[in-house]
1. Which ones in segment 152-174 are touching a residue at least 12 places away in the same chain (Cβ under 8 Å) and in a loop (DSSP other than H, G, I, E, B)?
2. How about segment 88-104: which of its residues are touching a residue at least 60 places away in the same chain (Cβ under 8 Å) and surrounded by fewer than 17 Cβ atoms within 10 Å (Cβ to Cβ)?
3. Take Val173 and tell me if it is farther than 21 Å from Gly63 by Cβ and hydrophobic (A, V, I, L, M, F, W, C).
4. Quick test of your reading of the structure: Met121 fulfils all but one of (1) among the hydrophobic types (A, V, I, L, M, F, W, C); (2) modelled with pLDDT of 95 or more; (3) surrounded by fewer than 19 Cβ atoms within 10 Å (Cβ to Cβ). Name the failing condition by number.
5. Going by the conditions given, is Ser126 buried (at least 16 other Cβ atoms within 10 Å of the Cβ), of a type outside the set (Lys, Arg), without any contact (Cβ under 8 Å) to a residue 24 or more places away in the chain and touching a Phe, Trp or Tyr at 6+ places or on another chain (Cβ under 9 Å)?
6. Please verify whether Ser126 is within 27 Å of Thr53 (Cβ to Cβ) and touching a strand residue (DSSP E or B) at 6+ places or on another chain (Cβ under 8 Å), treating the condition exactly as stated.
7. Look through Gly135, Gly107, Gly85 and report the one residue that is surrounded by fewer than 18 Cβ atoms within 10 Å (Cβ to Cβ) and touching a helix residue (DSSP H, G or I) at 6+ places or on another chain (Cβ under 8 Å).
8. Can you pull out the residues in segment 67-103 that are touching a Leu at 6+ places or on another chain (Cβ under 7 Å) and at pLDDT below 95?
Amino acid sequence: MSPRRSLTHIIASLCALLSVAALVAPAGASAHQNAWPHPGSGSGYTSLTLNGTTAGVLTGDLGLSVTPIAPATQTGLTFNFPIDGSATATAHTGLIRHSGGIAISGGGTTVALRNFWIDPMQWTLSANVSETMGGMTTSLGRVTIVTLDPSTTPISAFLNSTALGALGGAFGVNLGSNPLLLGTATVNFR
């Protein structure tokens, strides 16, 4: 089997397994909303609903603001990120790519997390990360910032130690090094 065909087969198998997990979704949630997309599904968006406690620490305790970067949108604690590219590109690369992002700001510093890529093989999410302070912007490049837990429905998203270290350094706080529950993620293909 060719590497490309093998990758497509692995993604399709992974989607089938997750579809079974989606059958036990909470009442009112559809299996379509809780499973990773099938490679032929088309474009859509991924929703990230922030954990209330984590959001409270960021915005209340630390006094930071968390806002969407267009074309991402926000309703309450839920951010929606458009999926970029075709289903063929998703099947070819194995990545679910998004536009927009999240900006975390406070004390004259902004950390921007843009263009998320979900890797369903590694259960990770990476972003283009930049920090703006005093009018100077520094790019950190593409960084894996989130670990995904596929055993939950919807899928739990945890900030990893790299993300916690970068945020802590940017805002002068100690966020620890243990994974921090960011919230839950749901991929919605159309």
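The values are calculated or read from the model by the stated rules, or taken from the named source; none is laboratory data. The model shown is predicted, which means the values in this text are computed figures rather than measured ones. Neighbour counts run over all protein chains shown; Cβ positions are idealised from the backbone, glycine included.
1. Of everything in segment 152-174, those that are touching a residue at least 12 places away in the same chain (Cβ under 8 Å) and in a loop (DSSP other than H, G, I, E, B) turn out to be Thr152, Thr153, Pro154, Asn160, Gly172, Val173.
2. Matches in segment 88-104: His92 only.
3. no
4. (2)
5. The answer is yes for Ser126.
6. yes
7. Numbers: Gly135 fails: touching a helix residue (DSSP H, G or I) at 6+ places or on another chain (Cβ under 8 Å); Gly85 fails: touching a helix residue (DSSP H, G or I) at 6+ places or on another chain (Cβ under 8 Å).
The conditions single out Gly107.
8. Answer for segment 67-103, where residues must be touching a Leu at 6+ places or on another chain (Cβ under 7 Å) and at pLDDT below 95: just Gly94.
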